[in-house]
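Working notes for the structure below.
The values are calculated or read from the model by the stated rules, or taken from the named source; none is laboratory data. As the structure is a computational prediction, the values presented were derived from the model and not from experiment. Ideal geometry is used to build each Cβ from the backbone, glycine not excepted, and the neighbour counts take in all protein chains shown.
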Amino acid sequence: MEVGFLGLGIMGKAMAANLLRHGFRVTVWNRTLSKCDELVAMGAAVGDTPASVVAKCKYTIAMLSDPSAALSVVFDKDGVLEQIGEGKGYVDMSTVDAATSCKISEAVKQKGGAFVEAPVSGSKKPAEDGQLVILAAGDKALYDDMVPAFDVLGKKSFFLGEMGNGAKMKLVVNMIMGSMMNAFSEGLCLADKSGLSPQTLLDVLVPCLVMQHPCCYLLYFTTKSNNHGYVLTCRISVQSQIRCSR
Ligand SMILES: NC(=O)c1ccc[n+]([C@@H]2O[C@H](COP(=O)([O-])OP(=O)(O)OC[C@H]3O[C@@H](n4cnc5c(N)ncnc54)[C@H](OP(=O)(O)O)[C@@H]3O)[C@@H](O)[C@H]2O)c1
């Protein structure tokens, strides 16, 4: 299967590399062209513009930073819209709001193409390991066509129905994860201020259900291997909350 891939940041690079490792033919494009080099060394081809990637590939995936990047890559000069059309599919896996997904979907459909939004739950390591959770919605036929790629990129993919549901689900999941990290950080502070050892709290939490959350395990093991673990844990918690809100 041949796919285009737009956006080789933390997530996109790992995802495109996974596709290459699993035998997909991948044509990449990134705004900062030098970031394509590593993928080229793995066998990827490079497109000059998003439009040229879409012209070459039946299916194109995007993984961009935010709504303004997602819109720019579609609507600007040399963008996706210039070459999308009948028989071509565009899949945006960036985290954006539902209105942005709907705007892209309408424009792609008007040109005769198919569109799926497919934001992911997970981070760099799950992206590297093909363990993302994919929250897709939109054109069901395109989703079905993309299942072989989604199977490589993720451990589970959901088709959530009408356009916008993927974006909404992703934001709800982020809200829940952010709240969990907040409660976790509050618990560490409360333990500390109550004269309890935050390290002991971590040890107590491990056998509890709440610590079976991957974020919490990450925090636990990071803390265990660091002398300044508690401070580090709080810092990571705050960073995670910021990341979760992206
Ligand atoms: N990182 C995570 O743990 C994580 C987890 C789940 C979901 N996500 C979501 O996945 C998406 C990608 O995240 P990331 O961590 O890979 O981000 P990142 O490392 O910051 O990469 C962002 C990518 O977007 C490109 N970009 C930004 N503005 C652009 C523009 N105006 N035109 C064209 N390209 C543009 C960047 O190109 P340049 O290289 O030229 O800057 C880069 O390829 C985001 O929506 C994020 O919320 C991230």
Counting only residues that are within 14 Å of the ligand (Cβ to nearest atom), more than 12 Å from Thr95 (Cβ to Cβ) and of a type outside the set (Asp, Glu), the stretch 114-129 contains a total of 4
Determine whether the stretch 148-156 contains at least one residue that is within 14 Å of the ligand (Cβ to nearest atom) and touching a Leu at 6+ places or on another chain (Cβ under 6 Å). yes
Checked pairs for the stretch 1-18, first more than 17 Å from Ala41 (Cβ to Cβ), second outside any strand (DSSP E or B) and aromatic (Phe, Trp, Tyr), C-beta under 6 Å and 6 or more apart or across chains, list as Met1/Phe24; Val3/Phe24
Exactly one condition in (1) away from the ligand (no atom under 12 Å from the Cβ); (2) surrounded by fewer than 21 Cβ atoms within 10 Å (Cβ to Cβ); (3) small (Gly, Ala, Ser) is not met by Ala44; state its number. (2)
Checking the conditions here, which among Thr49, Thr27, Thr32 is polar (S, T, N, Q), surrounded by fewer than 22 Cβ atoms within 10 Å (Cβ to Cβ), under 21 Å from Lys77 (Cβ atoms) and touching a Lys or Arg at 6+ places or on another chain (Cβ under 9 Å)? Thr49
How about the stretch 64-101: which of its residues are closer than 20 Å to Glu2 by Cβ, touching a Lys or Arg at 6+ places or on another chain (Cβ under 9 Å) and within 8 Å of the ligand (Cβ to nearest atom)? Val73
State whether the residues of the stretch 13-28 include one that is away from the ligand (no atom under 14 Å from the Cβ) and either in contact with a Cys (Cβ under 6 Å, 6 or more places away or on another chain) or at pLDDT below 95 (or both). yes
Filter result for Ile176 (β-branched (Val, Ile, Thr) and touching a residue at least 40 places away in the same chain (Cβ under 8 Å)): no
